[in-house]
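Asks: Let me begin by handing over the structure; questions about it come next.
The values are calculated or read from the model by the stated rules, or taken from the named source; none is laboratory data. Please read all numbers here as calculations on a predicted model, not as lab measurements. Cβ atoms come from the backbone with ideal geometry, glycine included; neighbour counts cover every protein chain shown.
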Amino acid sequence: MSLVIRESPQISKETEAKVRAAMARLNYVYDRRAADMRRKYSHTLGLVAANVRNPYFAELTMAIEEAVRDRGYTLLLGYSRDEVARQQQLLATMTERRIDGFIILPASETAPDDLGRTLLAAGIPHVLVARRIRHYASDYVGSDNVSSGRLIGQHLVQIGASSVAFLGGVWNSVPREDRLKGIRKGLKRGGLDVTVDLACASDGPERGLELVEQMLAQGSCPDAIVAYNDMYAFGILNALRSKGIEPGRSVAVASFDNLPGAALQVPGLTSADGFPARVGAEASRLFFERLDNTATPLTQVLIEPDLVIRGSTTDWSQSRLHAI
């Protein structure tokens, strides 16, 4: 019976069908806890994510869940709501339930010691995903934010932008710093740099109006705005219109993540696709590799992005040509 439950290839399809029919007649329920006591692993993985409001995180989470299920694992999912204290509580609670390890999308202000005390000290396998933590040695999988930013910067040079603002995200976050670094690399080829750089004290995509007002208070509207991600961009687009500034005509707008809603904006939003489903699948693969061999060197995997160009930048380029 145990071979059937574990879907062992040693059992023929005919025998499996007969055993499962007998289990159904007897109302047999598999006792996972009793089986786990005889094995090294609990076949349970903990996933701690920041929040579910951002569709990027949702798609990443679903990809992890699918990969984990394919391996016969159960996923315990918790959301930190981007709070370090809540994250630590989730890690402790899941560890008490003897999970085999974690995939973690860290809260923005996570420090190395926050994870070191709970995971490294206990030797619990874990993979960080989407957000790196400075000076923390661990397996990591995420979009290549520097390359994404570089693609956007190069595109803005190509369409003729001469002034660029970077809006949104949280000060001192690693993904934000990487994206800004990439944008500057791309702009440097045209002899340009970011002229306005505005972030938030805490993550808040709904702060589009506040960011636009701060930007305009520093001077005239730039040729181009790069939003930290699409969630910020959606708010920034609305805020610009409330100020009588038409995105795609008066100002070019680009962003990161390429969420499904990016194509539905008017005009469509130019955005760097970081492929969250690929990130999730790769993080799952790396976790199981780490689980099988804890002695292997730590690995960092960066998923190459693709810039999806739409009217929010090309319309500005065309209107500029017509004005000349």
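Asks: From 116, 142, 123, which residue is without any contact (Cβ under 8 Å) to a residue 24 or more places away in the chain and either among the β-branched types (Val, Ile, Thr) or out of contact with any Asp or Glu (no Cβ under 6 Å at 6 or more places or on another chain) (or both)?
Replies: Values: 142 fails: without any contact (Cβ under 8 Å) to a residue 24 or more places away in the chain; 123 fails: without any contact (Cβ under 8 Å) to a residue 24 or more places away in the chain.
From the options 116, 142, 123, the qualifying one is 116.
Asks: Any residue at all in the range 141-152 that's outside any loop (DSSP other than H, G, I, E, B) and farther than 13 Å from residue 305 by Cβ? First the steps, then the outcome.
Replies: We begin by selecting, within the range 141-152, every residue outside any loop (DSSP other than H, G, I, E, B); these are 141-143, 145-152.
From what is left, the residues that are farther than 13 Å from residue 305 by Cβ are 141.
Yes, the range 141-152 contains at least one residue that is outside any loop (DSSP other than H, G, I, E, B) and farther than 13 Å from residue 305 by Cβ.
Asks: Looking only at residues that are assigned to a strand (DSSP E or B) and of a type in the set (Gly, Ala, Ser) in the range 217-231, which one is farthest from the chain's Cα centre (by Cα)? Talk me through it step by step, then tell me what you get.
Replies: Filtering the range 217-231 down to residues assigned to a strand (DSSP E or B) leaves 224-227.
Next cut, of a type in the set (Gly, Ala, Ser) only: 224, 227.
Details: 224: 24, 227: 16 Å.
Restricting to residues being assigned to a strand (DSSP E or B) and of a type in the set (Gly, Ala, Ser), the top hit is 224.
Asks: Assuming residue 156 fulfils every condition listed in (1) closer than 21 Å to residue 286 by Cα; (2) crowded, with 22+ Cβ neighbours inside 10 Å; (3) among the aliphatic types (A, V, I, L, M) apart from one, which condition is it?
Replies: Of the numbered conditions (1) closer than 21 Å to residue 286 by Cα; (2) crowded, with 22+ Cβ neighbours inside 10 Å; (3) among the aliphatic types (A, V, I, L, M), the odd one out for residue 156 is (1).
Asks: Out of all the residues in the range 280-293, is one or more of a type in the set (S, T, N, Q), surrounded by 18 or more Cβ atoms within 10 Å (Cβ to Cβ) and closer than 25 Å to residue 157 by Cα? Let's see the steps before the verdict.
Replies: Looking only at the range 280-293, we keep the residues that are of a type in the set (S, T, N, Q), and these are 284, 293.
If we keep only those that are surrounded by 18 or more Cβ atoms within 10 Å (Cβ to Cβ) too, we end up with 284.
Then keep just the ones that are closer than 25 Å to residue 157 by Cα; that gives none.
Taking every residue of the range 280-293 in turn, none turns out to be of a type in the set (S, T, N, Q), surrounded by 18 or more Cβ atoms within 10 Å (Cβ to Cβ) and closer than 25 Å to residue 157 by Cα.
Asks: Here is a follow-up. Taking the range 255-277 as the region of interest, how many residues are out of contact with any Leu (no Cβ under 9 Å at 6 or more places or on another chain) and part of a helix (DSSP H, G or I)?
Replies: Qualifying residue count for the region: 1.
Asks: Taking the residues in the range 162-176 that are in contact (Cβ under 8 Å) with a residue 24 or more places away in the chain and out of contact with any helix residue (DSSP H, G or I) (no Cβ under 8 Å at 6 or more places or on another chain) as candidates, determine which candidate is farthest from residue 236 (Cα to Cα). Write out each step before concluding.
Replies: From the range 162-176, those in contact (Cβ under 8 Å) with a residue 24 or more places away in the chain are 162-171, 173-176; that's our starting set.
Applying the additional criterion that residues be out of contact with any helix residue (DSSP H, G or I) (no Cβ under 8 Å at 6 or more places or on another chain) yields 162-163, 171, 173-174, 176.
On the way: 162: 20, 163: 17, 171: 18, 173: 20, 174: 22, 176: 17 Å.
Filtering the range 162-176 for residues that are in contact (Cβ under 8 Å) with a residue 24 or more places away in the chain and out of contact with any helix residue (DSSP H, G or I) (no Cβ under 8 Å at 6 or more places or on another chain), the one farthest from residue 236 (Cα to Cα) comes out as 174.
Asks: For residue 295, indicate whether it is modelled with pLDDT under 95 and of a type in the set (A, V, I, L, M, F, W, C). Before you say what the answer is, go through the steps one by one.
Replies: Values: modelled with pLDDT under 95: yes; of a type in the set (A, V, I, L, M, F, W, C): yes.
Answer is yes for this residue.
Asks: I've got another one for you. Going by the conditions given, is residue 86 of a type outside the set (Val, Ile, Thr) and modelled with pLDDT under 95?
Replies: Numbers: of a type outside the set (Val, Ile, Thr): yes; modelled with pLDDT under 95: no.
No.
Results for (1) buried (at least 17 other Cβ atoms within 10 Å of the Cβ); (2) in contact with a helix residue (DSSP H, G or I) (Cβ under 9 Å, 6 or more places away or on another chain); (3) under 26 Å from residue 197 (Cα atoms), shown as yes or no for each residue.
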| residue | (1), (2), (3) |
| --- | --- |
| 221 | yes, yes, yes |
| 230 | yes, yes, yes |
| 244 | no, no, yes |
| 263 | no, no, yes |
| 306 | no, yes, yes |
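Asks: Go through (1) without any contact (Cβ under 8 Å) to a residue 40 or more places away in the chain; (2) in a helix (DSSP H, G or I) and name the single condition residue 314 misses.
Replies: Evaluating residue 314 over (1) without any contact (Cβ under 8 Å) to a residue 40 or more places away in the chain; (2) in a helix (DSSP H, G or I) leaves (1) as the failure.
Asks: Here's a check for you: in the range 177-193, which residue that is free of Cβ contacts under 8 Å to residues at least 60 places away in the same chain and within 12 Å of residue 227 (Cα to Cα) is surrounded by the most Cβ atoms within 10 Å (Cβ to Cβ)?
Replies: From the range 177-193, those free of Cβ contacts under 8 Å to residues at least 60 places away in the same chain are 177-178, 180-193; that's our starting set.
Cutting the leftovers down to within 12 Å of residue 227 (Cα to Cα) gives us 180, 183.
Details: 180: 21, 183: 29.
The residue in question is 183.
Asks: Identify, by number, the condition in (1) assigned to a loop (DSSP other than H, G, I, E, B); (2) touching a Cys at 6+ places or on another chain (Cβ under 8 Å) that residue 192 doesn't meet.
Replies: In the conditions (1) assigned to a loop (DSSP other than H, G, I, E, B); (2) touching a Cys at 6+ places or on another chain (Cβ under 8 Å), residue 192 misses (2) alone.
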